[in-house]
Amino acid sequence: MRLKKTFVTIFACLLLLFSVNTTDARIYFYDVFGHWAEDAIMWGSNTAKLLSGYEDGSFKPDGNISRAEYVSLLYRTAQKQGIISEQQLKDSTLDYVDVESRFWAHDHILKIKSYIDNKNSHIKFQDIFSGNNFFPNEKITREEAAALTYFFASAPIELKDISFNDISSNYEYLNQITALARAGIISGNPDGTFRPENNITRAETVTIIQRLYKDMEYQKKSYIEDIKLIESNGFSMEYPLFGDYINRKLDTNDLIYKRAIETLEYKSLVGIIPFEEQHLYDPDPIRTIENLKKNKYSNVIGMNYYLIKYESKTYNNQAQLAEEMLTSYSNGALVSDDELQLIFKKFSNLIEDTDIMLRALERWENSSTSEVASNNALFMKSKVYMIEGNTTEAIELYENINSSNPSIRIAQLMNYSHILTSLKEYEVAEKILREGWEQIKGLDAYRANSGKFDEQFIGALKEVFRLKQSY
């Protein structure tokens, strides 16, 4: 009976194996099941596709990894995440006599060396691997792996006390290992040691790479590089009419304008309007809008929006068109908050007269129908103040707001931090973010979205540290 069950199990496994599309098949290693690093190994080989095992189907998780293999894996990880690129790498040479140009990892070693040597650090690649020989096939130690990895990790946001009982205060790589431990990228042993001279295992390597890969996600994004507006829920408006075309009687020009916009929207979806439907749509919608403008049709905001969007040759002064839109709004034109958000998001950079912008923003802030809209008006106003050099006024706007809505509060804090970092006030930005984070944690809505909110604060703090370090 046991033999029969074994045969059935083997047959089922073979059936499953040969029924899987090889292009989508997952990679398995017979010697990692139940291993403490199984999840990291499966991630590295299947999700990130950075690893491979041996021809016999094993991974040898407790085996060691060579210097060349570790450097190559580090390079491929950084390249995959966009942290390292050919444009960033300055001319460099490898002076190691045992790494010839035809060596399989020569280019990766050269690029990692170039990246590290161009970092603002007193430690260079040659300091980690001194001498005339690199010994590429020699097993890499935990110390060497940590020293290399440090250059690709972002700064930790928690400066908690971390020490290892086999690393002294004057240890050469104390700061690098401490930073990586604080960031959760490396860890020591249960007995409190780090064992820097021990060779690192393949399982330990892939665990470090997985954590580093996640850390690099923060480096890829920018959380406070600019003042950003809050997106409305379900906001996907691309072809608005800019005005009320539902609850009022439409005249001939209204219908002509509406048909032109509907044509633009339909063409954006289908490309070419089918012949049997062409009689329903405008054959030349932009020309129609240009004629409406020539004849002084009342919807200045709508006409100008599409003349800018479609780069009208007749009305090609886009700055003037954008300023006319805001002037029309300031003079009483009725548009929705979402339509205003779209205008400021797409065309605010075209407007040269900041007074025109501020008048429109003042009306938007006072007439907005939601907290999101009033905050967006305030955010744009702070951006105009920064353009004018009125930094005091910009900062005062943020000192007087404190939303109980976590999404809005986070936007307030991120935009405030952008202004502070642009003024090189890095310590103040850090303080604002840390205090704001604690405030958000006290809100009921935090529990359901803690991961999303934490990611934003961690990313913003790391960006502050990065900007401070490069200053």
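The values are calculated or read from the model by the stated rules, or taken from the named source; none is laboratory data. Bear in mind that the values here come from a model prediction, so they are computed numbers and not experimental data. Please note: Cβ atoms are built from the backbone with ideal geometry, for glycine as well, and neighbour counts cover all protein chains shown.
Being surrounded by 14 or more Cβ atoms within 10 Å (Cβ to Cβ) and either more than 30 Å from residue 371 (Cβ to Cβ) or basic (Lys, Arg) (or both) holds for only one residue in 220, 228, 214, and it is 228.
Of the residues screened, residue 468 is not one that is under 22 Å from residue 386 (Cα atoms), within 23 Å of the chain's Cα centre (by Cα) and surrounded by fewer than 14 Cβ atoms within 10 Å (Cβ to Cβ). When you scan the range 240-262, do you find a residue that is surrounded by 13 or more Cβ atoms within 10 Å (Cβ to Cβ) and in contact with a Pro (Cβ under 6 Å, 6 or more places away or on another chain), even just one? Yes.
Is it the case that the range 369-380 has a residue that's within 18 Å of residue 429 (Cα to Cα), surrounded by 15 or more Cβ atoms within 10 Å (Cβ to Cβ) and touching a residue at least 12 places away in the same chain (Cβ under 8 Å)? Yes, the range 369-380 contains at least one residue that is within 18 Å of residue 429 (Cα to Cα), surrounded by 15 or more Cβ atoms within 10 Å (Cβ to Cβ) and touching a residue at least 12 places away in the same chain (Cβ under 8 Å).
Just give me the residues in the range 399-435 being within 15 Å of residue 371 (Cβ to Cβ) and either surrounded by fewer than 16 Cβ atoms within 10 Å (Cβ to Cβ) or over 23 Å from the mean Cα position of the chain (by Cα) (or both), in sequence order. Answer for the range 399-435, where residues must be within 15 Å of residue 371 (Cβ to Cβ) and either surrounded by fewer than 16 Cβ atoms within 10 Å (Cβ to Cβ) or over 23 Å from the mean Cα position of the chain (by Cα) (or both): 400, 401, 402, 403, 404, 405.
Looking across the range 266-290, the residues that are under 20 Å from residue 321 (Cβ atoms) and not hydrophobic (A, V, I, L, M, F, W, C) come down to 284, 285, 287, 288, 290.
In the condition set (1) surrounded by fewer than 18 Cβ atoms within 10 Å (Cβ to Cβ); (2) of a type in the set (Phe, Trp, Tyr); (3) not in a loop (DSSP other than H, G, I, E, B), residue 75 is compliant with all but (1). Could you tell me whether the range 271-279 includes any residue that is surrounded by fewer than 17 Cβ atoms within 10 Å (Cβ to Cβ), modelled with pLDDT under 95 and under 30 Å from residue 379 (Cβ atoms)? No, the range 271-279 contains no residue that is surrounded by fewer than 17 Cβ atoms within 10 Å (Cβ to Cβ), modelled with pLDDT under 95 and under 30 Å from residue 379 (Cβ atoms). Candidates are the residues of the range 87-126 that are without any contact (Cβ under 8 Å) to a residue 24 or more places away in the chain and over 33 Å from the mean Cα position of the chain (by Cα); the one that is farthest from residue 171 (Cα to Cα) is 102. Among the residues making up the range 313-341, a single one is hydroxyl-bearing (Ser, Thr, Tyr) and modelled with pLDDT under 95: 336.
Taking the range 46-66 as the search range and keeping residues that are of a type in the set (D, E, K, R) and more than 31 Å from the chain's Cα centre (by Cα), which one is farthest from residue 111 (Cα to Cα)? Per the stated criteria, the residue is 56.
For the range 241-289, which positions are of a type in the set (A, V, I, L, M, F, W, C) and over 39 Å from the mean Cα position of the chain (by Cα)? If the condition is that a residue be of a type in the set (A, V, I, L, M, F, W, C) and over 39 Å from the mean Cα position of the chain (by Cα), then 246, 250, 255, 256, 275, 280 are the ones that fit. A residue that is within 23 Å of the chain's Cα centre (by Cα), of a type outside the set (Phe, Trp, Tyr) and not in a loop (DSSP other than H, G, I, E, B) occurs somewhere in the range 218-226.
Does at least one position in the range 153-168 carry a residue that is hydrophobic (A, V, I, L, M, F, W, C) and closer than 18 Å to residue 204 by Cα? The answer is yes; a qualifying residue exists. Within the range 414-431, residues that are without any contact (Cβ under 8 Å) to a residue 12 or more places away in the chain have Cβ atoms under 8 Å from residues that are buried (at least 17 other Cβ atoms within 10 Å of the Cβ) and in a helix (DSSP H, G or I) in these pairs: 428/420, counting only partners at least 6 apart in sequence or on another chain.
Of all residues being small (Gly, Ala, Ser) and in a helix (DSSP H, G or I) in the range 275-326, which is nearest to residue 363 (Cα to Cα)? Just the residue, please. The selected residue is 322.
For residue 246, indicate whether it is closer than 30 Å to residue 82 by Cα and either basic (Lys, Arg) or at pLDDT below 95 (or both). Against the criterion (closer than 30 Å to residue 82 by Cα and either basic (Lys, Arg) or at pLDDT below 95 (or both)), residue 246 does not qualify. When the residues of the range 150-188 are filtered to those that are over 24 Å from the mean Cα position of the chain (by Cα) and not in a loop (DSSP other than H, G, I, E, B), the one that is surrounded by the most Cβ atoms within 10 Å (Cβ to Cβ) is 177. For residue 214, the requirement of being without any contact (Cβ under 8 Å) to a residue 12 or more places away in the chain and of a type outside the set (A, V, I, L, M, F, W, C) is met. Answer with yes or no whether residue 415 is at pLDDT 95 or above, among the polar types (S, T, N, Q) and within 20 Å of residue 228 (Cβ to Cβ). Considered against the rule, which asks whether it is at pLDDT 95 or above, among the polar types (S, T, N, Q) and within 20 Å of residue 228 (Cβ to Cβ), residue 415 comes out as yes. Among the residues of the range 79-114, the ones that are closer than 17 Å to residue 135 by Cβ, at pLDDT 90 or above, assigned to a loop (DSSP other than H, G, I, E, B) and not β-branched (Val, Ile, Thr) come to 6 in all. Taking the range 50-64 as the range and being free of Cβ contacts under 8 Å to residues at least 40 places away in the same chain and either surrounded by 13 or more Cβ atoms within 10 Å (Cβ to Cβ) or on the phi > 0 side of the Ramachandran plot (or both) as the test, the residues that pass are 53, 57, 58. If the Cβ limit is 6 Å and pairs must be 6+ apart or interchain, which residue in the range 26-48 that is assigned to a loop (DSSP other than H, G, I, E, B) pairs with which residue that is among the hydroxyl-bearing types (Ser, Thr, Tyr)? These pairs meet every condition: 27/45; 29/58; 31/58; 37/207.
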